[in-house]
1. With respect to the cross-link table entries A:Lys31/B:Lys516; B:Lys356/B:Lys516; A:Lys125/B:Lys392, which display a Cα-Cα separation exceeding 26 Å?
2. For a protection proxy built on the mean count of beta-carbon atoms within 10 angstrom, sort B:390-403, B:505-518, A:97-110, B:297-310 highest first, please.
3. On a 0 to 90 degree scale, rounded to 10, what angle separates helix A:135-144 from the longest Cα axis of chain A?
4. If r is the Cβ-Cβ distance from A:Thr135 to B:Glu405 and R0 is 35 Å, what FRET efficiency results, to the nearest 0.05?
5. Could you tell me which of rounded, prolate or oblate describes the range A:113-172, using a ≥ b ≥ c as the square roots of the eigenvalues of the alpha-carbon gyration tensor, with rounded for a/c under 1.5 and, failing that, prolate when a/b is larger than b/c and oblate otherwise?
6. Once you place label points 7 Å from the Cα toward the Cβ at A:Ala163 and B:Leu354, how far apart are they in nm?
7. Using only the alpha carbons of the range A:1-93, what is the convex hull's orientation-averaged projected area in square nanometres?
8. Could you tell me how many cubic angstrom of Cα convex hull volume the range B:362-457 has per residue?
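A short reminder: the numbers here are calculations on the coordinates, not readings from a lab. This is a predicted model, so every value here is computed, not measured. Cβ coordinates were reconstructed from backbone atoms using ideal geometry, including for glycine residues, and neighbour counts include every protein chain displayed.
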Amino acid sequence: MAGKSSLLKVILLGDGGVGKSSLMNRYVTNKFDTQLFHTIGVEFLNKELEVDNHSVTMQIWDTAGQERFRSLRTPFYRGSDCCLLTFSVDDSQSFQNLNNWKKEFIYYADVKDPEHFPFVVLGNKVDISEHQVSTEEAEAWCRDNGNHPYFETSAKDSTNVSAAFEEAVRRVLAIEDRSDQLIHNDTVNLHRKPKASSSCC
Amino acid sequence: MEGIVTGKVVYDHEGVFIHSSCGKMEDQDSLIPGILRVLEKDVEVIVDWRPLEETLDSSNILCAVQDSNSVVEWNQTPKERPITEHQNSYEAEWDMVNTVSFKKKYFSKGGVQNPVNNQSQWSFFFSLTELKSIKQNKEGMGWSYFVFCLKDDVILPALHFHHGGSELLLECLEKYVVLCESKQDSRTLLVDSQNRSLSQSFENLHEEPTDSLLQKFRRDPYAATMINFSKVTNFLVDTIRGTDPATHRRPPQEMADFLVDAIPDLKINQQEESGFEVITRIDVGTRPEVQRRDPVSTSEWESYMDSEGRFHNVHHLKTMIFKGGLCHAVRKEAWKFLLNYFPWNSTKEERSLLQKSKTDEYFRMKLQWKSVSEEQENRNSRLRDYRCLIEKDVNRTDRTNRFYEGDDNPGVVLLHDILMTYCMYDFDLGYVQGMSDLLSPILYVMENEADAFWCFVSYMDQMHENFEEQMQGMKMQLVQLSTLLRLLDSGFCSYLESKDSGYLYFCFRWLLIRFKREFSFHDIHQMWEELPPAVCEVLGLDYNAASLSYDTTEDCTVKKHYQTSPSQNSTVPVHPANGTRSNSNLKALPNSVHTPSSAC
């Protein structure tokens, strides 16, 4: 993998208005626009970065949060390497909906091994003082639902945004390393001479 | 029953069998006796076979194949069902592959595998225009059988004439089509598609005879092509929707021949494919300078009104609007007509009465949601969700526009209130993202809450299907757009397909909110008043064709973009609203051109 940039597909999911597009824009362009439009359909941006000596192109997919757009959104889930489940800490409903988002993703992304698929949970808008979701609550949910890493972010003041995206990349790379090893361990040595066995056919 | 073909029966024969277990050991159960008929129906000739036992209900036929990927429509009736009906049975996924295969009808593997005791599943009929060939049995078999092969290479199950009648059938068919023996295979009879009697209805498609079309083409190739292209478009759309049985199901070869004759630069793909990919390229030359007229002024607008306020010569007025748009001062009134809130033939007095009663009605509905207490709302999750989303979205709609900018802007509150009231007006549809974009320019022009609401209601009527649960209207439009794009620029179309973007998902936003975010706020006013379907209808243009004429310029931009920056390194495909509409250069670049399969 050395010297070669691999493409990782990362998808941002969560209720409308939790700040998915703002997170993406903050991370990729380091800008925050208070007058941003809500997303219609599906959009993506690319970001090149280096994590632990791996150079990676992250393709971040941003989706429209409303239920009605599900049929447009879900075909894009397939082939994702990581899913960023996003809620807003000032909106408990968006936190409660994380379950549904996770389910929807697993169902449509056709994930082979949902237990080990890398999810990262983002509680956005921590810059707002009135929180409806506490850190403990969010951490508990992450623990109980597969030990997902949790980041409290603010796209507005740039808190933890890079950290969250980079963690996503690390999780994906870790899984790839593991499967590389698996492949390595399972390799049959073709040069080794097989034991002599009597053949019947 | 809908499935039964009615019309003048010109051939009717009992004792025509389908052997449902072809190739296997034949037992009696596998022979399905049926009736074969040939009927004249309007301009069509229908060949229809159905089992004797068939009850008068074909609904089970459609149901039986709903989950088969290869079949969209089994049975075709002269009164075509709108395509939407059978698409509704599809999953909520954007399965364009299925949607595109609309034209197929037939026997699928799924049908063959069905148990034979449900004999009605075998019934079929087709229009003679679709017939490609008939294969006959070898001589000396004891009885005759025919296999019908349709133009889209659908092969129907063999019909066995155990009680004779096959010769009569051929005689009957030869009244309508020329059958000739295939050179390769003497057992196959080919249908000669040059047959004149069948090409009549195709010519109905063109209002003018070919000669004058050619003259026009020589004079002004661009305009002639675009005008006729729009007719082709309508034709295709009709075919897709199946609204007009007269123009429905023309042999592609006929279309190709006709168009090649008419338009010299047209390239036709002779290789017939399923669907409509017949014309592969249409070269319209360079885009001519279009003379735009001045916007319709207040005095000009009023000159179309009689003393009581009725409008006359509306067609001409709409043409003027199409060519130059409206002065902003006229918009407030004119949009009420263009959006069908006010009838053109109403008097001023009638309009003021209408406006009064509609205003009352608006505030009555507004009061409904306004009077919902917090406790009530806690028990009404749908209303709560609508309110929540509307609140979020109006704060994210056109906030850079002076009309909506800043904190506590009354414009934003009005957007919110109108959208909430719309939920009361149409609770099933409720609020869907994109509506705030459609309402915002209307409210800006109307400067009146109730008027803006009713104009919005009319506007939403036009595109209700786009926002419904299955977004059927959007799927349809994307399919149509892709058909048109293939016609206009097949090279670009293939390019997009090679990048897994053939489904044109990236056009979703353009179409859902009528280019609202791809142009500046000002330009959108002009565009919406020039391109409402009502205007296009008058001018004989198809809405999509018209919008695609914008797209063709766009193609180059997109292509260039992808060729020069294939790596898309952090390219920020934002959506700058560009300046003048006259260039109609859509500068926005698709930022989501990948379909699910593009995952890598």
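1. Result: B:Lys356/B:Lys516 exceed 26 Å.
2. Going from most to least packed, we get B:505-518, B:390-403, A:97-110, B:297-310.
3. For helix A:135-144, the angle is close to 30 degrees.
4. In this case the efficiency is close to 0.50.
5. Oblate is the answer for the range A:113-172, as a/c is 1.5 or above yet b/c matches or exceeds a/b.
6. 6.1 nm
7. 6.9 nm²
8. So the per-residue Cα hull volume is 89 Å³.
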